[in-house]
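Below is one structure, written out as structure tokens; comments come after it.
Read-outs: derived from the displayed coordinates by stated rules, not from any lab. Not measured: the values here are computed from a predicted model. No Cβ is skipped: glycine too gets one built from the backbone with ideal geometry, and neighbour counts run over all protein chains shown.
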């Protein structure tokens, strides 16, 4: 039986999983790596820690499968995170600037006259979230880097490109369209890097990786690293991988991933769908066809629970929040707007900051925990409302995945807020399976119709809240959000 491996290079840790032909997990490993916060609003990762945790997880899984044939490896990754490294030595020139980082806010504001032209070409907003201004920041702040870039001595990549380079020992410098479309350098209509955009952001073309189809041979792992050569057959950005695993090639499927952030996405077929408040992006390129998607990128999702746990020490484990929230019959007017890295979709305000509103002498830890969980549901509703307007389709069912969906309070409250069914799959870590699926398709392990059968539903949550209560909760949330705008 053929085995497909998938690397899920996330924001807080790296996971490797192995799937058999029935889609069953036969081996897995996961290792966290630290987040680096040099200043308020700045977020970095050590590229070597990204690589070493990936390598450790990969070797652990390969050791468990020592006697089995590996048909392919797929990669999925945190998008927009920006790395630059030496073309000859592979040595990073600095820490990676993470997608959440806000350090280029002023740079984006100075380019505002070009925002509409950028949106028309890339489908993206002019925001520090995306890669181009991060690249420029490194070129401006690392000694001698501009000259090295102009000479072609260094290369840029998102995390997929970094891992591909490391796995092939520097033989392959490439990416694919779902990741390239998040750089602000890539024209999603022509499906090529755009010279005018490169000039605008001051990004030398020599830095950039080759853009390949999402499914196909990217290269082979070095035998020195994996003890055997394994073809790398698929790459997708993490949210596109999640959409793919959720059957997103079918019309009308909307998914939300409750991870570090929240990412609501639906495919729009072979046409770019313009939106004033959502991102238009490449979903994937398969069989010489590009599928596009609309996406609401919400910067702070599950990471607000991580902050309450690690920063405020309100609980020891995020799983405790379910019982904490259920111990209250009502939120009693307490709202948490988790704009800890500004606000993404649909508000796009990098100057917003987090706030907790409605506190009284009677407010307890349980209220804050519940407010955090409710915030995930409210932010999702914000995104879905806009997506329904843009697509002219009413949402009746939301497919969900990610670590936070194990929280039954959150899932029920989400169904209540949307007035729609929330569908939780048996495998909640669908992102990693999406990477395996696209690689397995390219390797001939599965056909698309077989992948649809492999997806199993664990539980459906149906709306139960009265309409007037839903309206009251949501209107108060919108009042709280307005107070977070333009804070800095």
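Counting beta carbons within 10 Å around each of 356, 7, 230 and listing the fewest first gives the order 356, 230, 7. Computed over the chain, the per-residue total of -39500 (n - 2.57) for DSSP H runs of n ≥ 4 gives a 222 nm mean residue ellipticity of -10500 deg cm²/dmol, rounded to 500. As a rough footprinting exposure proxy, the listed residues 294, 65 were ranked by other beta carbons within 10 Å of their own, and the order from fewest upward is 65, 294.
Placing dummy labels 7 Å off each Cα toward the beta-carbon, the span from residue 86 to residue 147 is 1.6 nm.
Give me the number: length gained by fully extending residue 317 to residue 2, i.e. 0.36 nm times residue separation minus the C-alpha to C-alpha distance, one decimal in nm.
Taking 0.36 nm per residue and subtracting the Cα distance, the gain is 109.7 nm.
Can you tell me what share of the DSSP beta bridges in the chain is antiparallel? A percent to the nearest 5 is fine. Beta bridges within the chain, antiparallel portion: roughly 70 percent.
Tell me, in nm to one decimal, what length is gained between residue 274 and residue 115 on full extension, where the rule is 0.36 nm per residue of separation less the Cα-Cα distance? Before the final figure, lay out each step's value.
Numbers: separation 159, 0.36 × 159 = 57.24 nm, distance 1.42 nm.
Difference between extended and current length: 55.8 nm.
Here r is the Cβ-Cβ distance between residue 67 and residue 392 and R0 is 60 Å; the resulting FRET efficiency, rounded to 0.05, is 0.65. Spin-label model, residue 479/residue 351: points 7 Å from Cα along the beta carbon direction are separated by 2.5 nm.
Averaged over residues, the count of other Cβ atoms within 10 Å places the peptides 165-177, 114-126 in the sequence 165-177, 114-126, highest first.
Taking region 109-148 and a reference point 7 angstrom along Cα→Cβ of residue 190, the backbone N atoms nearer than 12 Å belong to 121-122. Taking other C-beta atoms within 10 angstrom as a stand-in for reagent exposure, 141, 347 fall in the order 141, 347, fewest first.
Taking every DSSP beta bridge with both residues inside region 3-238, roughly what % is antiparallel (nearest 5)?
Details: 27 of 42 bridges.
Expressed as a percentage, antiparallel bridges in region 3-238 total about 65.
First check a/c for region 126-213, with a ≥ b ≥ c the square roots of the eigenvalues of its C-alpha gyration tensor; if it is under 1.5, answer rounded, and if not, answer prolate when a/b is larger than b/c or oblate otherwise. Here region 126-213 falls in the oblate category.
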